[in-house]
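The values are calculated or read from the model by the stated rules, or taken from the named source; none is laboratory data. What you see is a predicted model; the values in this text were computed from it and never measured. We place every Cβ from the backbone using ideal geometry, glycine too, and count neighbours over all the protein chains shown. Remember, those area values only see protein heavy atoms, side chains included, never the ligands or the DNA or RNA. Shrake-Rupley method; radii C 1.70, N 1.55, O 1.52, S 1.80 Å.
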Amino acid sequence: MKRTEIATLLQNKPVGEKVTVKGWVRAFRSNRFIALNDGTGFNNVQCVVDFEKTPEEVIKQIGFHACVAVTGEVVESQGAGQDIEILADTVEILGGTDLEKYPLQPKKMSHEFLREKAHFRMRTQTFSSVFRIRHAVAFAVNKYFNDRGFYYMHTPIITGSDAEGAGEMFRVTTLNDAKPPLTEDGKVDYKQDFFGKPTNMTVSGQLQAEIGAMALGKVYTFGPTFRAENSNTSRHLAEFWMIEPEIAFGDINDDMDLAEDFIKYLISYVLENYPDDLQFLEERITKLERNLPTADRRPMPLTETLRFVVDNDFERITYTEAVRHIQNSKPYKKGKFEFPVEWGTDLAAEHERYLVEKKFKKPVIVVDYPKDIKAFYMRMNDDGKTVAAMDVLFPGIGEVIGGSQREERLDMLKKRMAEMDVPEHELDWYLDLRRFGGCPHAGFGLGFERIVQFITGMSNIRDVIPFPRTPGNAEF
RNA sequence: GCUUCUUUAGCUCAGUUGGUUAGAGCGGCGGACUGUUAAUCCGUAGGUCCUUGGUUCGAGCCCAAGAAGAAGCGCCA
């Protein structure tokens, strides 16, 4: 008999029909009620087992997370928790399980424990919801850009460019690591390496995306990104996914408009299409926070936070205004900040948190940063002191987006590269984009896992990617 | 990389001033149960107290080093 997906069944409620469902047992109560989930949606279907029709050997194997097929008639449920249920004629064990050895249990398990069992954690309610939403956000990214005439551009994962300046890189090599070939002066001879020169994993597709924007107008990248930083935080991964739109003929204001509209779209898409998963995640957090002092709880429940972000304009301030706000703040005057704030220094996490969580209580876009704390390719403003760079700051997770208008003036770009010791010969192709038919353009990078983290309310970024890579950890 | 905290049963944790045989809840296993919703009830097994070294008559507890994990910071998305 053809399998019916549980999400479809729960939606259509075909009472009186005979169906077959297949999935994993979430609970087996009273030797009678199977809560079955096949991943097609948040909700389980209840299957009622008739012990007189079902061999005892089969009933014994209906255990937690066993995989079963149930065939029977769909009826209106006598119980209170669900509209319909399946009266099982037959139960077939597709994949039994040994509960004495299976590490997962039908109870609360810590995220740290489940991270070690990443091959099973998607079977839990929390992680199945998280990963359905992760998919939804990825889909919404592509839909948003496609609907607006952007082209999806695949930028290289292995890069020969060493000058992107976005962070420490992972080396890619096929040389014998114990005995690499050496040059006459005793250094590793990368001419003999696979690509004939040193290569690394990409830290950003931006520079290549600019190539696309200078031909296709509006492009975006969405791919894996690698940073070999020794970052041990709940917001950093060594391997993560980044989205980088790049728009020709756009300035920094167009860039900020795009960033705000884009983030709001992603959140709206999940709110509209995955309410059950969101509600479960919200209840999970609310229960968890009951034991915390009020000050440590979220100011609003999860879905309310998401609606608030969608319904309100982000606050837009310049870096110079941000510094002034911080210097006029109570915590600053009381000496509560650990790091100094004066014009020219980078904002520390504590300062950003003050702006987002205390001062404005909503997402904040900070624009026009001092040139000395930003990258070489960002466009010099007329004041000669700041560049057209912007960061989008979110509560809890900090920087979600970093972007800028790019320096399109060849002489200015060369001057900035010289000032910041970026070798011109490595980026000659990048300079060519200014030499031949260049134009004003802008773009940004959005950390995919960070926005998934925000939408799901998960506190650690390692719990929103199936197989997290962090310093010292590359399991699975 | 820095600071702080944690590590005791399969999981989540308690463990008094250093003192005899290390506990609980949940889970597992055995049994009961034809309307359950984290089902419930009865019974039962289960321990390298992270590792190594030290102090002590005696260490889960004190000291040192190491390992693993977490939170915060820095770097950033």
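Assorted remarks:
- Order by protection proxy (mean Cβ within 10 Å, highest first), peptides A:320-326, A:127-133, A:202-208: A:202-208, A:127-133, A:320-326
- Loop sites in region A:79-170: GluC sites (Glu not before Pro), DSSP, at most 13 other Cβ within 10 Å: A:100, A:168
- Built amide H within the under 5 Å cut-off of residue A:84, gap 5+: A:77
- C-alpha center-to-center spacing [region A:53-74, region A:378-403] in angstrom: 57 Å
- Rounded D (µm²/s) - region A:6-102, Kirkwood Rh over Cα pairs, Stokes-Einstein at 25 °C, 0.890 mPa s: 185 µm²/s
- The tail of the calculated P(r) for region A:60-139 beyond 18 Å holds 60 percent of all Cα-Cα pairs.
- Solution diffusion estimate, µm²/s, Stokes-Einstein, region A:92-145, Kirkwood Rh from C-alpha pairs, 10 °C, viscosity 1.306 mPa s: 120 µm²/s
- Relative contact order [Cα under 8 Å, 6+ residues apart], region A:6-102, whole percent: 30 percent
- Per-atom-type breakdown for chain A gives carbon and sulfur 49% of the accessible area (1.4 Å probe, protein chains only).
- C-alpha center-to-center spacing [region A:321-360, region A:415-473] in angstrom: 26 Å
- Exposure check, 1.4 Å probe, all protein chains in place: residue A:368 carries approximately 40 Å² of accessible surface.
- Dipole magnitude of chain A about its Cα centre (Cβ charges: Lys, Arg +1; Asp, Glu -1), debye to nearest 20: 1100 debye
- Area accessible to solvent at residue A:450, 1.4 Å probe radius, in Å²: 50 Å²
- Order of exposure, largest accessible area first, which applies to A:190, A:369, A:269, A:151 with probe 1.4 Å: A:151, A:190, A:269, A:369
- Backbone HN-Hα couplings from phi across region A:113-122 [Karplus 6.51/-1.76/1.60, Hz, Gly and Pro as x]: 4, 5, 4, 6, 10, 5, 6, 10, 5, 5
- Backbone HN-Hα couplings from phi across region A:329-344 [Karplus 6.51/-1.76/1.60, Hz, Gly and Pro as x]: 7, 4, x, 5, 5, 8, x, 7, 7, 6, 9, x, 10, 8, 4, x
- The accessible area of residue A:122, taken with all protein chains in place and a 1.4 Å probe, comes to roughly 90 Å².
- Computed on the Cα trace of region A:171-328, the radius of gyration divided by the Kirkwood hydrodynamic radius gives Rg/Rh = 1.10.
- log10 of Debye I(q)/I(0), alpha-carbon scatterers only, for region A:331-476 at 0.18 Å⁻¹: -1.11
- Accessible area per residue for chain A is 50 Å², calculated with a 1.4 Å probe on protein heavy atoms, without ligands, DNA or RNA.
- Calculated diffusion of chain A, Stokes-Einstein form, Kirkwood radius summed over Cα pairs, 10 °C and 1.306 mPa s, µm²/s: 62 µm²/s
- Rounded to the nearest 20, the Cβ-based charge dipole of region A:29-106 about its Cα centre (Lys and Arg +1, Asp and Glu -1) stands at 280 debye.
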